[in-house]
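Here the structure is laid out as structure tokens; the discussion comes afterwards.
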Amino acid sequence: MLVHLSDLHFGTEQPECIRALGDFCALHQPELIVVSGDLTQRARFQQFYACKQFLESLKRPYLVVPGNHDIPLFHLWNRFISPFARYQLFFGNMETTLETEHFMIVGVNSIRRRYHTRGHISLAQIAEVDQLLKQAPQQKLKYVVAHQPFYIPPQEKEALKDCPVLGRMALQTWAKNGLNGLLHGHLHQVARYDLNQIYQLGCDHPIWEIHAGTATSHRLHHGLANSFNTLDMHGNMQAYVFDMASQQFCLAQQLEALI
């Protein structure tokens, strides 16, 4: 099992969600944990420290990428001179790769100091990820993780502008080498789309665009509950939603049956 978290926003975290996530990981012992950005609320030292302590406490392999909240917003000097200094102090390289028994995960930094929320993917990043996908074992599920989604439905007009520059070009390139999906956050809501159908990529399998909600923050989208996703060894996705009554994360379908 892969656990896909996003938008933890330490500095606005809810202790009950932190405890429930710890319980979930202790019970299920996931193969790995992926966090698709916005580890902190304001890229402060204490927020990065708290996030690092939390992820280490789960005692599972994990991969993280930066989000737009993980570089300074108000300290303009730090934003333009050393935007990722605190992130790197705690988490090292902004782009890492993690390979486990069933998964190959490639982290991509879609954050640029000159943009506030919009993502960006460079030609160099496209080529580097493409090479990694070519070298990946065929039997493993291959996912790229970046903070901003590569696809947002047209009705989400305000968010459309945040899709990464060159995102569609990247997708068309990576699809040729066995990409199974993309993992994102940023919008604080759960969603899944088959980009193979939407963009008519001509692949013989779905390429899933998977969005995770905010797992721990009180910054909820339109009142949606805290949530995260899981992927099994076959790539099947399930959403888990925080249930206030039980103080645990419950499978979304099971929670609906209780209402």
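The values are calculated or read from the model by the stated rules, or taken from the named source; none is laboratory data. Quick caveat, the model's predicted, so the values are computed rather than measured. No Cβ is skipped: glycine too gets one built from the backbone with ideal geometry, and neighbour counts run over all protein chains shown.
Tabulated values for the structure
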quantity: Output for the range 71-115, where each listed residue is modelled with pLDDT of 95 or more, surrounded by 15 or more Cβ atoms within 10 Å (Cβ to Cβ) and closer than 14 Å to Arg44 by Cα; calculated: Tyr87, Phe90, Phe91
quantity: Residue satisfying condition, being over 19 Å from Met104 (Cα atoms), in contact (Cβ under 8 Å) with a residue 12 or more places away in the chain and charged (D, E, K, R), within set Asp204, Asp232, Asp194; calculated: Asp194
quantity: Residue count, the range 177-194 (criterion: within 23 Å of His102 (Cβ to Cβ) and assigned to a loop (DSSP other than H, G, I, E, B)); calculated: 5
quantity: From the options Lys176, Lys142, residue that is in contact with a strand residue (DSSP E or B) (Cβ under 6 Å, 6 or more places away or on another chain) and closer than 14 Å to Ile207 by Cβ; calculated: Lys142
quantity: Candidate set from the range 133-175 (those that are part of a helix (DSSP H, G or I), surrounded by fewer than 17 Cβ atoms within 10 Å (Cβ to Cβ) and in contact (Cβ under 8 Å) with a residue 12 or more places away in the chain); member that is farthest from the chain's Cα centre (by Cα); calculated: Lys134
quantity: Any hit, the range 225-244, residues being out of contact with any Lys or Arg (no Cβ under 7 Å at 6 or more places or on another chain), surrounded by 13 or more Cβ atoms within 10 Å (Cβ to Cβ) and more than 21 Å from Ala20 (Cα to Cα); calculated: yes
